[in-house]
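Visitor: Quick one: the structure is below, questions incoming.
The values are calculated or read from the model by the stated rules, or taken from the named source; none is laboratory data. Note that the structure is predicted; figures quoted are calculated from it, not measured. Don't worry about glycine lacking a Cβ; one is built from the backbone with ideal geometry, like all the others, and counts go over all protein chains shown.
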Amino acid sequence: MKKIRCAIYTRKSSEDGLEQDFNSLDAQREACAAYIVSQKNEGWVLVPGAYDDGGLSGGTLERPGLQHLLADIRSGKVDQVIVYKIDRLTRSLADFAKIVDVLDDAGASFVSVTQSFNTATSMGRLTLHMLLSFAQFEREVTAERIRDKIAASKKKGLWMGGNVPLGYEPDGRTLKISEPSAQVIRTIYDLYHQHGNIRITKDKVDKLGLRTAVRTLSSGRIKGGTCFSFGHIYHILTNPIYAGRIRHHAEVYPGQHEAIIEPDVWGQLQEQLKAGAVKPRAGKRQTDERNKKQVSLLIGKVFDETGDRLTPSHTKTAKGRRLRYYVSHRLIRGSEKKDPGGWRLPGPELEAAVTKLTKAYLKRPEIVANIMLDATTEELAMFSERLSQSDQNSAVRGPDTYTLIDRVDISPGKITIAICATAIAEHLGAPSDRINRDLLVFNSEFQHRKRGVETKLILAGSAAHRDEVLFKNIARANRYFALVRSGHTYAEISKVEGVSNDRIQKLIELAFLAPEVIRDVYEGSQPLGLTTEWLLRHAFPTIWHDQREMFRPL
């Protein structure tokens, strides 16, 4: 009788109860082990080793236990995966499809001990997809409920957890001032108010020997107690929590905690920071035509999920080409290695994306119809015409749209844009008190791909961009390979094609790319950075399965 090697996979979403001698993971494993014993006459045997993920969500595949299991499946060590319920494996239909691909490639399968169905039949597959759909629906509804609860609580000024800001300590659902760390915050604000320069402020803070808060992580590791970085100081200076307020995305609400810095003083300092951010460098000619074309149109308006402002920056290529970026301010003075969560976004791409989203939002019929309270039919027609004229008269980077934008917030997977009420009222020729402010903030999803430290935004619904150079070179490589197979030498091909032997020898390697990789290149969904030059400079596996793993679309 052939032995069927069975691996048990267990998962629990939260860490509650994991410290107990017999927890949920143990209960799942015990039930699965008992089921394997009941199938002993079928040749089922339990493989050694545990595949457990405690305190991890089923909404992602990035789980150590699951990745270990998938690696063992690919290496042929597992024939059957046993789970207590199918949602322990995943709560996402898309992720389940990826897991099934791994199982199919290895000739393995899985069993849920509490849900009996046969995936070999069409009815079994339908049942499975229904269960996964409900599991994913439950996960999404739970996430929405949590987000709504957090938003409602922050509107009431409640503290909803996270890292406690320096100068405070938790007090139930609010914060209370903690001395002497609060004095550190006051000192930083006083120094910046006195000198008006973050670099000088940091030098003074270092000379005073001020240090960041010391925190003990759940792992027991001690973090903090170091010198303040430029980014940390900037974050403290722009954090509204020190003015007694609570921020939620683009909105700021009155908090129930006591302010360390007087709100009026905090507001004046924000204007001081903003003025310093747009101050031109000494001796730089502002009339230079080239510099005018390179102006960062969203300066002072873009923030990341930590509240850190994205500062315009630039670099030059070897050929002298100037490349503009919006960079999290803490990365400019701080260390990128210490803060991998910082953003570096190409300037023209971000500006084009924000403009595109704003124009599309303002052209939506329901927005045009409700942007002004109690609008008449004539006013609605006028609004529609003015928005249409603005769209026709402005290029992708036209100035009209940028004057309407008050703030842009970037967080993983989402971009939030806030429209300025005064600007939209002036643009539409309407009183600002009649603008429907509930419609001035909107969100859009995006995907982001990283190439080194640079991040590229791909808006939801955006058409894929094909690398025509790479696609044409793949076609050339296949033509060269066909000529070689027909008996032609490199020298003969070089003479006909007008390229060097070395170039042909390097390029011909592209003929061995897997069909799925070529398809992704054609569709424009290959990983960012997968270009002709990258492929020619780096060795890649010839096995198609390994290529699919290496060049999997992001």
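Visitor: Regarding Y84, is this residue buried (at least 20 other Cβ atoms within 10 Å of the Cβ), closer than 20 Å to S13 by Cα and either of a type outside the set (A, V, I, L, M, F, W, C) or modelled with pLDDT under 80 (or both)?
Guide: It is true that Y84 is buried (at least 20 other Cβ atoms within 10 Å of the Cβ), closer than 20 Å to S13 by Cα and either of a type outside the set (A, V, I, L, M, F, W, C) or modelled with pLDDT under 80 (or both).
Visitor: Where residues in the stretch 504-535 are at pLDDT 80 or above and outside any helix (DSSP H, G or I), which of them is surrounded by the most Cβ atoms within 10 Å (Cβ to Cβ)?
Guide: Among residues in the stretch 504-535 that are at pLDDT 80 or above and outside any helix (DSSP H, G or I), the one surrounded by the most Cβ atoms within 10 Å (Cβ to Cβ) is L513.
Visitor: Given the criterion part of a helix (DSSP H, G or I) and either crowded, with 19+ Cβ neighbours inside 10 Å or of a type outside the set (S, T, Y) (or both), identify the matching residue among D26, D16.
Guide: Result: D26 is the single residue among D26, D16 that is part of a helix (DSSP H, G or I) and either crowded, with 19+ Cβ neighbours inside 10 Å or of a type outside the set (S, T, Y) (or both).
Visitor: Within the bounds of the stretch 536-546, is there any residue that is in a helix (DSSP H, G or I) and surrounded by 15 or more Cβ atoms within 10 Å (Cβ to Cβ)?
Guide: No - not one qualifying residue is present in the stretch 536-546.
Visitor: Checking D148 against (1) closer than 28 Å to S13 by Cα; (2) touching a residue at least 40 places away in the same chain (Cβ under 8 Å): exactly one of these is not met. Which one?
Guide: (2)
Visitor: Would you say L483 is without any contact (Cβ under 8 Å) to a residue 24 or more places away in the chain and not hydroxyl-bearing (S, T, Y)?
Guide: In short, yes.
Visitor: For D288, only one of the following conditions fails: (1) at pLDDT 75 or above; (2) farther than 21 Å from I415 by Cβ. What is its number?
Guide: Answer for D288: the failing condition is (1).
Visitor: Now a separate question. Among the residues of the stretch 134-163, which ones are at pLDDT 80 or above and in contact with a Leu (Cβ under 7 Å, 6 or more places away or on another chain)?
Guide: Of everything in the stretch 134-163, just one residue is at pLDDT 80 or above and in contact with a Leu (Cβ under 7 Å, 6 or more places away or on another chain), namely W159.
Visitor: A further question follows. If you take the residues in the stretch 184-222 that are without any contact (Cβ under 8 Å) to a residue 12 or more places away in the chain and surrounded by 12 or more Cβ atoms within 10 Å (Cβ to Cβ), which one is nearest to S153 (Cα to Cα)?
Guide: The selected residue is D190.
Visitor: Still on this structure: What do you reckon, is S229 in contact with a helix residue (DSSP H, G or I) (Cβ under 9 Å, 6 or more places away or on another chain) and either closer than 28 Å to D409 by Cα or not assigned by TED's automatic domain parsing to the domain that holds T416 (or both)?
Guide: Taking the combined requirement at face value, the residue satisfies it.
Visitor: Another question about this same structure. Test I241 against the stated conditions and say whether it is part of a helix (DSSP H, G or I) and either in contact (Cβ under 8 Å) with a residue 40 or more places away in the chain or within 24 Å of D409 (Cα to Cα) (or both).
Guide: Judged against the criteria, I241 is a match.
Visitor: Under 7 Å between Cβ atoms, which residue pairs at least 6 apart in sequence (or on different chains) link something in the stretch 36-51 that is in the same structural domain as R11 (by TED's automatic domain parsing) with a partner that is assigned to a loop (DSSP other than H, G, I, E, B) and exposed (fewer than 15 other Cβ atoms within 10 Å of the Cβ)?
Guide: G43/M1; G43/K2; G43/K3; V45/K3
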